[in-house]
Amino acid sequence: MRTGALVLGYHGCNRDVGESLVNGDRPFRPSKNDYDWLGDGIYFWENDPRRALEWAEFMAGHPKFKSRVKEPFAVGAVIELGNCLDLTEAESLEMLKTAYDHLANAFHASNTPLPENEPAVSSDVDLVKRYLDCAVVNYLHDLREQQDREPFDTVRGPFFEGKELYPGARIQKKTHVQLCVRNPAMIRGVFHITPKS
């Protein structure tokens with residue numbers, strides 16, 4: 001849905017990358033992993049600088065990422081949602097379900113199994129490797145392009161993650177809202193985060 005709303009997003013990275021982003025010396029680099037749950041784009045934690053820094057710290061300690069993140073850092077950005085595929089509202093969810101139906105039919109017709117969401121490790125109940133979700137979101141973007149429809153600038157969605165916050169809770173410890181920016185022009189400004197004292 002088209003909106004002029006502005007939100008704050010936070011991006012975890014290495015310090016030199018973050019400083020270059022703030023100084024305007026480099027652009028954000030889109031992620032194109034086939035398991036990125038909101039599809040291709042630049043990922044932000046909406047309204048949560050702490051989670052962005054925690055992500056950078058996680059990357060610094062993970063064998064896959066530690067060569068890229070040696071000094072965990074996070075930057076903030078002012079982001080205009082523009083034409084947003086917002087997975088917190090009904091119309092966007094209906095569009096995504098329709099895209100899934102088309103994609104499933106295409107895979108079925110070619111006698112090929114659909115990608116599946118998978119755990120990253122054996123204890124992962126959140127299925128953080130979102131191969132299916134990524135394929136469906138990217139397919140929706142492709143469908144819109146084929147139909148000459150306005151592309152989505154951003155994709156926004158809640159991510160329910162982690163153990164229950166307290167016994168019997170339906171609220172999970174790491175639940176957050178993530179924002180995927182497909183159109184870098186929607187990033188209106190980048191700023192340093194003031195550390196809490």
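The values are calculated or read from the model by the stated rules, or taken from the named source; none is laboratory data. Given the structure is predicted, the values throughout are model-derived calculations rather than measurements. FYI the Cβ positions are ideal-geometry reconstructions off the backbone, even for glycines, and counts take in every protein chain you see.
Could you tell me whether region 156-173 includes any residue that is in contact (Cβ under 8 Å) with a residue 24 or more places away in the chain and part of a helix (DSSP H, G or I)? No - not one qualifying residue is present in region 156-173.
Here's the yes/no breakdown for (1) farther than 26 Å from Val121 by Cβ; (2) surrounded by 19 or more Cβ atoms within 10 Å (Cβ to Cβ); (3) under 14 Å from the mean Cα position of the chain (by Cα):
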residue	(1), (2), (3)
Cys13	no, yes, no
Asp16	yes, no, no
Leu38	no, yes, yes
Phe44	no, yes, yes
Arg50	no, no, no
Ser67	no, no, no
Phe73	no, yes, no
Val78	yes, no, no
Leu93	yes, no, no
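So, in region 117-147, how many residues would count as being within 27 Å of Ile171 (Cα to Cα) and surrounded by fewer than 19 Cβ atoms within 10 Å (Cβ to Cβ)? Summing the residues that are within 27 Å of Ile171 (Cα to Cα) and surrounded by fewer than 19 Cβ atoms within 10 Å (Cβ to Cβ) in region 117-147 gives 13.
Checking the stated criteria, Pro151 turns out not to satisfy the condition of being part of a loop (DSSP other than H, G, I, E, B), exposed (fewer than 11 other Cβ atoms within 10 Å of the Cβ) and at negative phi.
Checking the structure you have, find out if any residue of region 174-183 is among the aliphatic types (A, V, I, L, M), out of contact with any Asp or Glu (no Cβ under 9 Å at 6 or more places or on another chain) and outside any loop (DSSP other than H, G, I, E, B). No, the conditions are met nowhere in region 174-183. I want to confirm something. Restricting to region 87-133 and keeping residues that are hydrophobic (A, V, I, L, M, F, W, C) and over 18 Å from Leu143 (Cα atoms), which single residue is modelled with the highest pLDDT? It comes out as Ala90. For region 121-131, check the following and say yes or no: at least one residue is aromatic (Phe, Trp, Tyr) and touching a helix residue (DSSP H, G or I) at 6+ places or on another chain (Cβ under 8 Å). No: region 121-131 contains no residue that is aromatic (Phe, Trp, Tyr) and touching a helix residue (DSSP H, G or I) at 6+ places or on another chain (Cβ under 8 Å). Taken as a whole, the structure places Asp124 among residues that are of a type in the set (D, E, K, R), part of a loop (DSSP other than H, G, I, E, B) and without any contact (Cβ under 8 Å) to a residue 40 or more places away in the chain. Every condition in (1) more than 20 Å from Leu85 (Cα to Cα); (2) of a type in the set (A, V, I, L, M); (3) more than 16 Å from the chain's Cα centre (by Cα) is met by Val128 except one, and the failing one is (3).
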